[in-house]
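The values are calculated or read from the model by the stated rules, or taken from the named source; none is laboratory data. What you are looking at is a predicted structure, and each value in this text was computed from that prediction instead of being measured. Cβ atoms come from the backbone with ideal geometry, glycine included; neighbour counts cover every protein chain shown.
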Amino acid sequence: MSVKANYIRPLDIRHGRIDMNHGAGGKAAAQLIGELFFPALDNPWLAQGDDGALLPLPEGGGRLVMATDGHVVSPLFFPGGDLGCLAAHGTINDVAMLGAQPLYLAASFILEEGFPLADLKRLVDSLGAAAREAGVPVVTGDTKVVEKGKGDGVFISTTGVGVVPVGVHIAGCNARAGDVVLLSGSIGDHGVAVLSQRESLAFETTIESDTAALHTLVAALLASVADPAAVRVLRDPTRGGLATTLNEIAQQSSVGILLQEAAIPVRPEVDAACELLGLDPLYVANEGKLIAIVAPEAADAALAALRAHRLGQGAMRIGEVVADPHRFVQMETRFGGRRVVDWLNGEQLPRIC
Amino acid sequence: MKYIDEFRDGELARHIGERIAAEADPSRRYSFMEFCGGHTHAISRYGVAELLPPNVNMVHGPGCPVCVLPIGRIDQAINLALKENVILCTYGDTLRVPASDSLSLLRAKARGGDIRMVYSAADALTVARQNPEREVVFFAIGFETTTPPTALVIRDAKRAALTNFSVLCCHVLTPPAITHILASPEVRDLGTVPLDGFVGPAHVSIVIGSGPYEHFAESYQKPVVIAGFEPLDVMQAISLLVRQVNDGRACVENEFARAVTREGNLKAQAVVSEVLELRESFEWRGLGEVPESALRIREAYAEFDAERRFGLTYQPVPDNKACECGAILRGVKKPADCKIFGTVCTPENPVGSCMVSSEGACAAHYSYGRFRDMPVAAAEQAEEAVL
């Protein structure tokens, strides 16, 4: 459905706001999609204008991966990124963490009445740019509008589809005692960057979110090992941070994990911000890092491959998988003691004294 | 981080650990209580206990302000939010503390209470200024560390003639709690305290100074070493305590001299005594009623006292019977001695006060140290299997 541009007044993107008409499925909705979404996300599947995207079956066999992720970050814009690119990266990474090549994205927007079109354009442009850069187009989408007060500006849900090559078997349950735990770079950057912009906290910092699509890093990692089965588990430590993600893996694989605190990279700025706010970087969210658990014989090659990639320059070997019926994640502290690194409990709230 | 990393140096820690091991008399046991949750957290998080010889034992004290807050006080705050419809400003740690009717401030928020997390008392005052049409109550908790900021905002609110701001004052005092532990029923029954000395408060002592501890060090003959909250501070304090015990001394020593003086912060003390006064008695979770252990708002500032403003009465609520928090807070039992530890009572669903905040003895042991219990449990099971 397209509207003759010459006969209607174009969207006032600079001053306009979302109103209920934009969600009513009529002319206003078509205009919003035609003038704001199509140019930003531009690709032939979306341009077909149908309710879904008609896609060719992937060649060469393998298995399909599908993943979905809702994005509700507040504030919408933060140092190093925004909700738009985050919505692309988050889902691309979920697909990639199963060893898949991500192929397509779908995006669903829940817009709150009164939301400025200028901000919406920034977010959709950012989503489009991130998708283009990753080579994973947004091939279908949806927009809905809710009344003022029923949403928080914009929520974006994205779904991704990808293909896992034959021979790759990556899953959270694959870790075995003796495997090596690799981390692609410093932790806590995203969470601290977002927190620094919260109205109640606002502190000045140079920290930027690490938000990035990690599928090329995964491809480089898989290419570095002789047998793809040597890459056992991949996961991006988002909400709950490194600690929670490792606990998930320990649980799924029925193993323990022993970390070396001294090997876990944390930027000094992130460390200082966490110290001030009473947070532990192990539990702070990341959006551009991955944990790779690999067979011991493949560890050196895998680490070298990560470090050779733009997104893995700070990669470190941070620990190993051990046999442990209690499935504890433990850490040798820099101080010389040993402790449990537990699941994140509740929301990470700052301590007061 | 300058001035922080130096106090987390693993190499130095090993040296101090070796010194403690060399000086500790192998024929006796040493039990020291770290009063503050900040120390408990540091000990657990950095694994300090692993660096101590087996006969030097740390007992976690009641110095976690969230843990000692009784259910009845949380109930008052929840009622203010749900029934009086105020904006309730609170520190983040209190949000998850279990209260009556399976509620907590977090759950009261989910039921529509306007409960907002603030980082400081001053933030609560800002909320009051921004919402002149609403009643705003600051739920003030904590030891002497957080008391001066509360007193300051009450004074500022009076100077600014704010009419929509008040404080639910639940500030408690450290020295009466330590005295209470030393004079607990177990002490009368056993005739002795199972404690050989105290690692004294860090931030609290910056405000009150080291002077207030001198009285009980002398009258109860228990050494006190005031220590900072970094792991090396704690190690150094333990080393000094071992020496005092070996020498038969019981005095106050100050390891945290970079921040603590004998007199403390006189300005802060003056503001506190201008605005607040002693309560005759106050209920502590786990310790019960402790005389002269808390502060209330003076008559001159009555309009900023939420208890007076909303006519609140205090309704004590008993702790769960199976909960051993009282004995754990007094240093008589360890978290793993409690029947419900780690089964019914976990950080996700805390029953007792010590499981509530990460600074609580049970939560710290659960989150950071419970692996130490496990080989023991496994060995016992194996023995049972053999039998």
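Here is a yes/no grid of residues against (1) in a loop (DSSP other than H, G, I, E, B); (2) in contact with an Asp or Glu (Cβ under 9 Å, 6 or more places away or on another chain); (3) away from chain B (no Cβ under 14 Å); (4) not aromatic (Phe, Trp, Tyr):
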{"residue": "A:186", "(1), (2), (3), (4)": "yes, yes, yes, yes"}
{"residue": "A:190", "(1), (2), (3), (4)": "no, yes, yes, yes"}
{"residue": "A:194", "(1), (2), (3), (4)": "no, no, yes, yes"}
{"residue": "A:203", "(1), (2), (3), (4)": "yes, no, no, no"}
{"residue": "A:279", "(1), (2), (3), (4)": "yes, no, no, yes"}
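The lone criterion from (1) more than 23 Å from residue A:111 (Cα to Cα); (2) charged (D, E, K, R); (3) without any contact (Cβ under 8 Å) to a residue 60 or more places away in the chain left unmet by residue A:27 is number (1).
Is the range A:246-255 home to any residue that is of a type in the set (S, T, N, Q), outside the structural domain of residue A:71 (by TED's automatic domain parsing) and either under 14 Å from the mean Cα position of the chain (by Cα) or closer than 20 Å to residue A:311 by Cβ (or both)? Looking through the range A:246-255, none of the residues is of a type in the set (S, T, N, Q), outside the structural domain of residue A:71 (by TED's automatic domain parsing) and either under 14 Å from the mean Cα position of the chain (by Cα) or closer than 20 Å to residue A:311 by Cβ (or both).
Being in contact with a strand residue (DSSP E or B) (Cβ under 9 Å, 6 or more places away or on another chain) and either within 30 Å of residue B:310 (Cα to Cα) or assigned to a helix (DSSP H, G or I) (or both), is that true of even one residue in the range B:1-19? So far as the range B:1-19 goes, no, none of its residues is in contact with a strand residue (DSSP E or B) (Cβ under 9 Å, 6 or more places away or on another chain) and either within 30 Å of residue B:310 (Cα to Cα) or assigned to a helix (DSSP H, G or I) (or both).
Of the residues making up the range B:49-61, those that are surrounded by 21 or more Cβ atoms within 10 Å (Cβ to Cβ) and outside any loop (DSSP other than H, G, I, E, B) number 6. I'd like to check something: does the range B:87-94 contain any residue that is touching a strand residue (DSSP E or B) at 6+ places or on another chain (Cβ under 8 Å), away from chain A (no Cβ under 14 Å) and assigned to a strand (DSSP E or B)? The answer is yes; a qualifying residue exists. Scanning the range A:279-300 for residues that are more than 29 Å from residue A:85 (Cβ to Cβ) and either in contact with a Leu (Cβ under 9 Å, 6 or more places away or on another chain) or aliphatic (A, V, I, L, M) (or both) yields A:295, A:298, A:299. Scoring residue A:336 on the criteria (1) within 14 Å of another protein chain (Cβ to nearest Cβ); (2) surrounded by fewer than 23 Cβ atoms within 10 Å (Cβ to Cβ); (3) part of a strand (DSSP E or B) leaves a single failure, condition (3).
Against the criterion of being more than 19 Å from the chain's Cα centre (by Cα), of a type in the set (Gly, Ala, Ser) and facing chain B (nearest Cβ under 9 Å), residue A:272 qualifies.
Residues in the range B:199-215 that are of a type in the set (A, V, I, L, M), crowded, with 24+ Cβ neighbours inside 10 Å and assigned to a helix (DSSP H, G or I): B:204, B:208. Screening residue B:22 with (1) assigned to a helix (DSSP H, G or I); (2) within 13 Å of another protein chain (Cβ to nearest Cβ) gives one miss only, at (2). Annotation for the range B:286-293: at least one member residue is among the small types (Gly, Ala, Ser) and in contact (Cβ under 8 Å) with a residue 60 or more places away in the chain. Looking across the range B:257-291, the residues that are outside any strand (DSSP E or B), in contact with a Ser or Thr (Cβ under 7 Å, 6 or more places away or on another chain) and either more than 23 Å from residue B:230 (Cα to Cα) or modelled with pLDDT under 95 (or both) come down to B:272, B:285, B:286. Filter the range B:62-78 for residues that are in contact (Cβ under 8 Å) with a residue 40 or more places away in the chain and in a helix (DSSP H, G or I); which is surrounded by the most Cβ atoms within 10 Å (Cβ to Cβ)? Within the range B:62-78, the match that is surrounded by the most Cβ atoms within 10 Å (Cβ to Cβ) is B:77. Considered as a group, the residues in the range B:339-368 that are surrounded by 21 or more Cβ atoms within 10 Å (Cβ to Cβ) and at the interface with another protein chain (Cβ under 9 Å from one of its Cβ atoms) include one that is farthest from residue B:43 (Cα to Cα), and that residue is B:347. Within the range A:105-150, the set of residues being under 16 Å from residue A:20 (Cα atoms) and buried (at least 19 other Cβ atoms within 10 Å of the Cβ) comprises A:109, A:110, A:111, A:115, A:117, A:120, A:143, A:145.
Among residues of the range A:224-269 being of a type in the set (S, T, N, Q) and within 14 Å of another protein chain (Cβ to nearest Cβ), the one that is surrounded by the fewest Cβ atoms within 10 Å (Cβ to Cβ) is A:260.
Among residues of the range B:225-249 being within 19 Å of the chain's Cα centre (by Cα) and charged (D, E, K, R), the one that is nearest to the other protein chains (Cβ to nearest Cβ) is B:230.
Would you confirm whether or not the range B:216-234 contains a residue that is at positive phi, surrounded by 19 or more Cβ atoms within 10 Å (Cβ to Cβ) and modelled with pLDDT of 95 or more? No.
If residue B:357 meets every condition in (1) in a loop (DSSP other than H, G, I, E, B); (2) over 17 Å from the mean Cα position of the chain (by Cα) apart from one, which number is that one? Every condition holds for residue B:357 apart from (2).
Scanning the range A:152-186 for residues that are surrounded by fewer than 19 Cβ atoms within 10 Å (Cβ to Cβ) and over 30 Å from residue A:58 (Cα atoms) returns A:152, A:176, A:177, A:178. Per the conditions (1) modelled with pLDDT of 95 or more; (2) surrounded by 24 or more Cβ atoms within 10 Å (Cβ to Cβ); (3) in a loop (DSSP other than H, G, I, E, B), the sole criterion not satisfied by residue A:321 is (3).
Against the conditions (1) in contact with a Leu (Cβ under 7 Å, 6 or more places away or on another chain); (2) free of Cβ contacts under 8 Å to residues at least 60 places away in the same chain; (3) over 12 Å from residue B:34 (Cα atoms), residue B:218 satisfies every one except (1). Residues that are within 14 Å of another protein chain (Cβ to nearest Cβ) and hydrophobic (A, V, I, L, M, F, W, C) within the range A:315-328 comprise A:322, A:323, A:328, listed in sequence order.
Mind checking whether some residue in the range A:296-314 is facing another protein chain (nearest Cβ under 8 Å), out of contact with any Cys (no Cβ under 8 Å at 6 or more places or on another chain), surrounded by fewer than 20 Cβ atoms within 10 Å (Cβ to Cβ) and free of Cβ contacts under 8 Å to residues at least 24 places away in the same chain? No, there is no match, as no residue in the range A:296-314 is facing another protein chain (nearest Cβ under 8 Å), out of contact with any Cys (no Cβ under 8 Å at 6 or more places or on another chain), surrounded by fewer than 20 Cβ atoms within 10 Å (Cβ to Cβ) and free of Cβ contacts under 8 Å to residues at least 24 places away in the same chain. For the condition within 11 Å of chain A (Cβ to nearest Cβ), of a type in the set (Gly, Ala, Ser) and closer than 27 Å to residue B:293 by Cβ, residue B:72 does not qualify. The set of residues in the range A:65-82 being closer than 17 Å to residue A:158 by Cα and either part of a strand (DSSP E or B) or at pLDDT 95 or above (or both) consists of A:65, A:66, A:67, A:68, A:69, A:70, A:71, A:81, A:82.
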